[in-house]
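A short write-up of the structure that comes next.
The values are calculated or read from the model by the stated rules, or taken from the named source; none is laboratory data. Model, not experiment: these values are computed from the prediction. Positions of Cβ are backbone-derived with ideal geometry, glycine not excepted, and every protein chain shown enters the neighbour counts.
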């Protein structure tokens with residue numbers, strides 16, 4: 001019984017390690033949203049909340065750039081480049097950072 005449970009847990013854990021290409025829905029979560037704009041000079045637009053997790057701090061520009069850059073690389077963007085960033089106050093202590101990105 002323990003072996004079966006262990007194999008089930010291992011299978012579930014490895015199920016997320018799929019090496020195939022990701023869609024845009026696969027890289028969007030509650031920390032970052034990425035979409036293609038309808039027009040303009042940017043290839044992608046990203047929105048990042050200023051929340052803090054164990055892996056990144058949304059208030060730090062370097063963490064936002066690293067997070068969005070890695071998500072764009074998983075979409076197939078070889079050299080993501082930040083074009084511009086804008087912060088919007090959502091009230092209270094909540095800030096939403098919008099950024100435009102170009103793939104190189």
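Just checking, does the stretch 1-24 include any residue being surrounded by fewer than 12 Cβ atoms within 10 Å (Cβ to Cβ), within 15 Å of the chain's Cα centre (by Cα), part of a helix (DSSP H, G or I) and modelled with pLDDT under 85? The answer is no, given that none of the residues of the stretch 1-24 is surrounded by fewer than 12 Cβ atoms within 10 Å (Cβ to Cβ), within 15 Å of the chain's Cα centre (by Cα), part of a helix (DSSP H, G or I) and modelled with pLDDT under 85. If you check 48, 68 for being surrounded by 13 or more Cβ atoms within 10 Å (Cβ to Cβ) and touching a helix residue (DSSP H, G or I) at 6+ places or on another chain (Cβ under 8 Å), only one passes: 48. Put simply, of 100, 87 the only residue that is surrounded by 16 or more Cβ atoms within 10 Å (Cβ to Cβ), in contact with a strand residue (DSSP E or B) (Cβ under 7 Å, 6 or more places away or on another chain) and modelled with pLDDT of 95 or more is 100. Of all residues in the stretch 45-74, those satisfying the criterion of being under 17 Å from residue 88 (Cβ atoms) and touching a residue at least 40 places away in the same chain (Cβ under 8 Å) are 45, 46, 47, 48, 49, 50.
Got at least one residue in the stretch 44-62 being over 14 Å from residue 100 (Cα atoms), at pLDDT 95 or above and not in a loop (DSSP other than H, G, I, E, B)? Scanning the stretch 44-62 turns up at least one residue that is over 14 Å from residue 100 (Cα atoms), at pLDDT 95 or above and not in a loop (DSSP other than H, G, I, E, B).
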